[in-house]
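Each remark here refers to the structure printed beneath this line.
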Amino acid sequence: MLALRALNILLQGSFEAGGDMIKDNAEIYRVVSKLLCSKNSTIQQTAAESVALMSSDKKMCYNLAGQNFNLLKTLYKAPEVDDAVKLRALVGMSKMCASSGGDVNRNIIAEGAGVRIFKQIRQLLVKNPTEEARKWVIEALAYLTIDAEVKHDLVNDEEQMKIICDFSSDPSPSTSYSLSCIFMNTTNSYDQPEVQPEMQRIAEYAKQSVPKAHELDSEESLKTRISLLVANGVPSVLSACSSSDSERTREYLARSYFGIISNDEGKHCVRSYNRVELELFSIYSGKTRLKGRSMPHTPSLR
């Protein structure tokens, strides 16, 4: 138990160091799974937090997903389990849902699970809107917004968008990073793999997975989403977070902003945000990475 707490602290401080200790250690996975079944609330919370933190790594996420997704689901549904445990369980489930990277053909969790988790997280936040709960929710959303249905539901939820935008005043690096991931995902400002028709036919013939976008990630859906993001003041949030010391966070914020102004719906709505454009553009003056866009991102499935 104490060793697991120490591991959680290490994962939060230096994920690489903690991750190297875990990746190929089957015993740690076994212990975590066993502790998730404990009746003790403190042990449940520690184990659920371990799964939530470990699932940031793609390989560990796949190792954990099979059995532990159902264990986390059981914890969430149990009426006697504390909300703090349920929230950590939902964050772990969020990361497992995000492991497909937005490709509906590679989902390891049933389609639609991301939307259900989003709704459950929202209920917990409304019930107990503490600072700690809000930070866990922001982290979960950074992963869940890979899912096109979650993007759609989130931008249409004014109350949830207000909570997210209000969090831009939080100076912590992890919060700024999570926000930058949320906005980069909702504006589709990541690399969109170009699949040549010939290669697609070959892949289908060889029965290999071909990246497939969701219908809610279509150009028309994106235009509507961007209009709603602008209406909720997201360009101002991008500006507020742009002083982050993290180059990656600033990059994702810049990608998000240029994702907005490169769309016709956003271009006409953000004319009054010239200061934002100047601040974010200055981050990338002299660089050529603005056209390049990374895969749907989270804080992140490494």
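What is the spread of the Cα atoms of the range 121-181 along each of their three principal axes, largest first, in whole Å?
Extents along the principal axes, in whole Å: 29, 25, 16.
Taking the mean number of other Cβ atoms within 10 Å as a proxy for protection, how do you rank 141-147, 253-259 from highest to lowest?
Highest to lowest by the protection proxy: 141-147, 253-259.
Here is the link list: K73/K223; K39/K162; K58/K86; K39/K59; K39/K119. Which ones come out longer than 32 Å on Cα distance?
The answer is K73/K223; K39/K162.
Per-residue HN-Hα couplings for the range 181-190, Karplus 6.51 cos²θ - 1.76 cosθ + 1.60 at θ = phi - 60°, whole Hz, x for Gly and Pro?
Whole-Hz 3J(HN,Hα) from phi for the range 181-190: 5, 4, 6, 5, 6, 6, 9, 6, 8, 10.
Bear in mind these aren't lab numbers, they're just calculated from the coordinates by the rules spelled out. This structure is a prediction, so every number in the text was calculated from the model and none was measured. Cβ sites come from the backbone with ideal geometry, for glycine too, and all protein chains shown count toward neighbours.
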